[in-house]
Amino acid sequence: MVTVHAGSCHCGGVRFTIAHDPEERTTCDCSLCVKRNAVMVKVPEAALRIEAGEDLLATYQWNTMRAKHHFCTRCGIYVFHRKRAAPDYYGVNVFCLDDFDASALPVRATEGVGMTLVGEWPRPEWPGPRVAASPA
C-alpha cells in the first residue's frame with residue numbers, strides 16, 4: 001500500500017500531496033540545484049497533487065525550457081520541478097514534505113553539470129557543453 005505524504009512551502013500557501021513512497025534522495029550538481037542546495041525525491045507525475053495554492057506558484061525555466069521549476073511567490077520556497085531528463089516525473093524538495101523522515105533514504109548524486117546548454121545566452125559560469133539553438 002502506498003503512503004500519501006503531505007507537503008507545503010514555508011508559509012503554507014502551497015500545499016500538495018504525493019501518493020508515492022520515495023526510495024532515495026537525489027542531489028544534482030547543475031548550476032541551479034547547487035545554488036538552491038536542492039535535495040529531491042523523484043515522484044511520478046500522477047502521484048503529485050496540488051491541494052491548495054496553485055495560484056501562488058511561479059515557474060522558472062531556463063536553457064532548454066523543458067524543466068519547470070516551481071516555487072511559492074509568497075515565501076519563495078522551491079517546492080518541486082518537472083524534470084528535464086524525465087519529464088513524466090517531478091523532483092520534490094524533500095524538506096517540503098511534512099513530518100517525513102528522509103534520513104533512512106540513501107542519497108544518490110545525479111550529474112547535471114554535463115547537461116547541454118542550448119542557445120546563445122548561457123552564462124559563462126554555467127558548466128556543460130554549449131549547443132547552438134536551432135533556427136525557428
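Here is how the numbers come out for the structure above:
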{"read-out": "Top-ranked residue of segment 45-64 - restricted to ones that are of a type outside the set (S, T, N, Q), at pLDDT 95 or above and assigned to a strand (DSSP E or B), ranked as nearest to H20 (Cα to Cα)", "value": "L48"}
{"read-out": "Of all residues in segment 1-17 being touching a strand residue (DSSP E or B) at 6+ places or on another chain (Cβ under 6 Å), among the β-branched types (V, I, T) and more than 16 Å from A58 (Cβ to Cβ), the one that is surrounded by the fewest Cβ atoms within 10 Å (Cβ to Cβ)", "value": "V2"}
{"read-out": "Residue check for Y60: open to solvent by 50 Å² or more (accessible area, probe 1.4 Å) and among the aromatic types (F, W, Y)", "value": "yes"}
{"read-out": "Residues located in segment 1-36, provided they are on the phi > 0 side of the Ramachandran plot and in contact with a Pro (Cβ under 8 Å, 6 or more places away or on another chain)", "value": "none"}
{"read-out": "Unmet criterion (only one of (1) at pLDDT 95 or above; (2) part of a helix (DSSP H, G or I); (3) farther than 17 Å from A6 by Cα) for C33", "value": "(1)"}
{"read-out": "Residues that are at pLDDT 95 or above, closer than 11 Å to R36 by Cβ and either in contact with an Asp or Glu (Cβ under 7 Å, 6 or more places away or on another chain) or in a strand (DSSP E or B) (or both), drawn from segment 65-88", "value": "F71, Y78"}
{"read-out": "Every residue from segment 18-42 that is among the β-branched types (V, I, T) and over 14 Å from A86 (Cβ atoms)", "value": "I18, T27, V34, V39"}
{"read-out": "Selection from segment 25-52 of residues that are farther than 19 Å from A67 by Cβ and open to solvent by less than 60 Å² (accessible area, probe 1.4 Å)", "value": "A52"}
{"read-out": "Matching residues in segment 63-76 - criterion: being surrounded by fewer than 18 Cβ atoms within 10 Å (Cβ to Cβ) and not small (G, A, S)", "value": "T64, M65, R66, K68, T73, R74, C75"}
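The values are calculated or read from the model by the stated rules, or taken from the named source; none is laboratory data. Nothing here was measured: the structure is a model prediction, and the numbers come from that model. Don't worry about glycine lacking a Cβ; one is built from the backbone with ideal geometry, like all the others, and counts go over all protein chains shown. Ligands, DNA and RNA are excluded from the accessible area calculation, which covers all protein heavy atoms including side chains. Shrake-Rupley method; radii C 1.70, N 1.55, O 1.52, S 1.80 Å.
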